[in-house]
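Peer 1: My structure is below; once you've seen it, I'll send some questions.
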Amino acid sequence: MIRPAVDADWPRIWPIVHDVVTAQETFAYDPAMTSEEARRMWLLPAPARTVVFAEGDEVLGTANMYANRPGPGNHVASGSLMVAASARGRGVGRALTTDLIAWARESGFAAIQFNAVVDTNTAAVSLYESLGFTTLGVAPGAFRHPVLGDVGLRIMWLNLR
């Protein structure tokens with residue numbers, strides 16, 4: 001069900017990205033971004049990797065994964081995951097995260113760092129913690145939630161060594 005994303009997948013990825021970003025609850029991305037801007041940011045070239053979780057022609061989720069920083073920081077991976085609203089609670093996020101972890105291990109990364117997990121995104125925090133991630137710290141008020149106001153952004157870490 002998880003496979004590399006190809007350019008032809010974008011029309012099925014974009015609605016997920018658009019819905020998540022315009023909700024402004026879990027990603028610190030500009031809600032006014034265009035499809036083309038989002039495409040350039042999401043469909044990353046190798047050695048990064050972008051995948052979709054698909055059932056037939058339906059894309060239920062997507063993730064990208066890459067070195068967190070260039071040069072001296074390129075031994076730590078990072079990534080972003082988005083799941084279609086209709087597929088939440090069905091294991092798509094877990095499958096995508098597990099795939100990201102496997103990719104990072106196979107690629108020789110020492111760890112995975114998620115730089116900005118919204119503190120109120122309890123589903124993601126619980127999922128990541130269940131897979132061994134720990135919270136290194138929280139930047140208080142670093143994310144403007146449309147309903148809850150200023151909330152924290154977590155830095156989450158998984159040691160792969």
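The values are calculated or read from the model by the stated rules, or taken from the named source; none is laboratory data. Just so you know, these numbers come straight off a predicted model, no measurement behind them. Don't worry about glycine lacking a Cβ; one is built from the backbone with ideal geometry, like all the others, and counts go over all protein chains shown. All accessible areas refer to the heavy atoms of the entire protein, side chains included, with ligands and DNA or RNA removed. Shrake-Rupley method; radii C 1.70, N 1.55, O 1.52, S 1.80 Å.
Peer 1: State log₁₀ I(q)/I(0) for the chain at q = 0.09, 0.10, 0.19, 0.21 Å⁻¹ as given by the Debye formula over alpha-carbon point scatterers of equal weight, solvent excluded.
Peer 2: With no solvent term, the Cα-only Debye profile gives -0.27, -0.34, -1.35, -1.61.
Peer 1: Out of residues 5 or more away from residue 145 or on other chains, whose amide H comes under 5 Å of its own, with H placed 1.01 Å from N in the peptide plane?
Peer 2: Under 5 Å from the amide H of residue 145: 150, 151.
Peer 1: To continue, here is another question. Points 7 angstrom from Cα along the Cβ direction at residue 30 and residue 88: gap in nanometres?
Peer 2: The two pseudo-label positions are separated by 2.5 nm.
Peer 1: Let me ask something else about it. How large is the convex hull of the Cα atoms of the stretch 89-161 per residue, expressed in Å³ as a whole number?
Peer 2: That works out to 85 Å³ per residue.
Peer 1: Using the Karplus curve 6.51 cos²θ - 1.76 cosθ + 1.60 with θ = phi - 60°, work out ³J(HN,Hα) for each residue of the stretch 71-78 in order, rounded to whole Hz, and write x for Gly and Pro.
Peer 2: Using θ = phi - 60°, the values come out as x, x, x, 7, 8, 10, 8, 8 Hz.
Peer 1: So, one more: If you bin the C-alpha pair distances of the stretch 107-147 every 5 Å from 0, what whole percents do you get?
Peer 2: P(r) over the stretch 107-147, rounded to whole percents: 5, 18, 30, 22, 14, 8, 2, 1, 0.
Peer 1: Please list the non-local residues whose amide H lies under 5 Å from the amide H of residue 68, H modeled 1.01 Å from N, same-chain partners needing a gap of 5 or more.
Peer 2: 76, 77, 78
Peer 1: Per residue, how large is the accessible surface of the stretch 23-160? Use a 1.4 angstrom probe and give square angstrom. Mind showing how you got there, number by number?
Peer 2: On the way: 6790 Å² over 138 residues.
On a per-residue basis, 49 Å².
Peer 1: Another question, then. When the helix-only estimate is applied to the chain (DSSP H runs of n ≥ 4, each -39,500 (n - 2.57), divided by the residue count), what is the mean residue ellipticity at 222 nm, nearest 500 deg cm²/dmol?
Peer 2: Helices in the chain give a 222 nm mean residue ellipticity of -9000 deg cm²/dmol.
Peer 1: Something else: Expressed in nm to one decimal, what extension gain is obtained for the pair residue 160 and residue 144 from 0.36 nm per residue of sequence separation less their Cα-Cα distance?
Peer 2: Gain in length upon complete extension: 2.6 nm.
Peer 1: Okay, moving on. At q = 0.20, 0.24, 0.27 Å⁻¹, what is the log10 ratio I(q)/I(0) for the stretch 33-110, with the Debye formula run over Cα points and no solvent?
Peer 2: -0.92, -1.15, -1.28
Peer 1: Given a 1.4 Å probe and every protein chain left where it sits, what share in percent of the accessible area of the chain is carbon and sulfur?
Peer 2: 53
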